[in-house]
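Notes follow the structure.
The values are calculated or read from the model by the stated rules, or taken from the named source; none is laboratory data. These numbers come from a predicted model, not from an experiment. In this analysis, Cβ positions are derived from the backbone assuming ideal geometry, glycine residues included, and neighbour counts consider all displayed protein chains.
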Amino acid sequence: MTYVPLDVAHVALAATLILINGAVSWAFALGLGRTLFINATRMTIQLALIGFVLKWIFEQTSPLWTVALALVMVLVAGYEIVSRLSRRPRGIEAYLLGSGTLLVVGTFATVFAVAGLIGPDPWYQPRYVLPILGMVLGNAMTGIALTVSTLLESAARERPAIEARLSLGADRFTAMAVTLRLALKTGLMPILNAMAASGVVSLPGMMSGQILAGIDPIGATKYQIMIMFVIAGSTALGVVIAGYATVLLITDARHRLRLDLLHPPI
């Protein structure tokens, strides 16, 4: 089995399928035409650029370039988390929360997977570090965004009940326990669904990519199982950190609910 390369014409032909999305938006008056065009163009440019960047970084010997690109990935992911919130905290605290959480879980999961499980020599090769970090960040970002968004919206909706518990002497974590539990469950749902569907409903991206590149299906399956466990663990860790940090963000040391620190809903 050999790798079959694609040329620009093949990619352009595949791009015509995006017209289906445009037709759906037009037929049902969804008003997503402009967003669809911008996102499709953005995706194409980003992926094209990252291909050249990765090719250049793979040819370098200094791990500093790997670290630099990893930090850019974390910072952009942190911004994406904030941009998905309908109720955003004022200031840069929410951005620091998202980026900081991703930095912790991304570093832990990537080092564990590459140095502890795969074990290339040297272990910090960008060919291994950056793809695994990207998969970890992408999934953790979704879970964290859902957790923070659900917690903020639920706190605003359940404000009377939360403040009643606080007035009766409960601390902020006890008063928001139900809200936090709902947010954590929501944040974990995508990765739980992904694990349940893997191998039966879908062939995950890492496994499919390796098979298309000519890797033995059994070997590709082992890699996919490994990365799914790494993603699941890192997402759970990120969701918990983000959930508790968000509770601290919208309360103060006197255990008062401070929804005035949030911008109005978008």
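Observations, loosely collected:
Yes or no, residue by residue, for (1) within 19 Å of Ser234 (Cβ to Cβ); (2) in a helix (DSSP H, G or I); (3) out of contact with any Lys or Arg (no Cβ under 9 Å at 6 or more places or on another chain); (4) of a type outside the set (Ser, Thr, Tyr):
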site: Leu69; (1), (2), (3), (4): yes, yes, yes, yes
site: Met73; (1), (2), (3), (4): yes, yes, yes, yes
site: Arg87; (1), (2), (3), (4): no, no, yes, yes
site: Gly91; (1), (2), (3), (4): no, no, yes, yes
site: Ala94; (1), (2), (3), (4): no, yes, no, yes
site: Ser99; (1), (2), (3), (4): yes, yes, yes, no
site: Leu103; (1), (2), (3), (4): yes, yes, yes, yes
site: Phe108; (1), (2), (3), (4): yes, yes, yes, yes
site: Ala115; (1), (2), (3), (4): yes, yes, yes, yes
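- Meets criteria (in the same structural domain as Gly98 (by TED's automatic domain parsing) and not charged (D, E, K, R)) for Ala70: yes
- Residue ID - surrounded by the most Cβ atoms within 10 Å (Cβ to Cβ), chosen from residues in region 121-162 that are touching a Lys or Arg at 6+ places or on another chain (Cβ under 8 Å) and not hydrophobic (A, V, I, L, M, F, W, C): Ser149
- In region 24-34, of all residues being in contact with a helix residue (DSSP H, G or I) (Cβ under 9 Å, 6 or more places away or on another chain) and surrounded by 12 or more Cβ atoms within 10 Å (Cβ to Cβ), the one that is nearest to Glu80 (Cα to Cα) corresponds to Leu32.
- Any pair with Cβ under 6 angstrom, 6 or more apart, that starts in region 78-101 at a residue that is closer than 19 Å to Ser154 by Cβ and ends at one that is part of a helix (DSSP H, G or I) and of a type in the set (S, T, N, Q): Leu85/Ser149
Here is a yes/no grid of residues against (1) in a helix (DSSP H, G or I); (2) charged (D, E, K, R); (3) at pLDDT below 90; (4) in the same structural domain as Leu85 (by TED's automatic domain parsing):
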site: Ala183; (1), (2), (3), (4): yes, no, no, yes
site: Met206; (1), (2), (3), (4): yes, no, yes, yes
site: Ile225; (1), (2), (3), (4): yes, no, no, yes
site: Val240; (1), (2), (3), (4): yes, no, no, yes
site: Gly243; (1), (2), (3), (4): yes, no, no, yes
site: Ala253; (1), (2), (3), (4): no, no, yes, yes
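- Inside region 97-112, residues that are buried (at least 21 other Cβ atoms within 10 Å of the Cβ) and of a type in the set (Val, Ile, Thr) make up a count of 3.
- Selected residue (criterion: farthest from Arg157 (Cα to Cα)) from residues of region 220-240 that are surrounded by 19 or more Cβ atoms within 10 Å (Cβ to Cβ) and in contact (Cβ under 8 Å) with a residue 60 or more places away in the chain: Ile227
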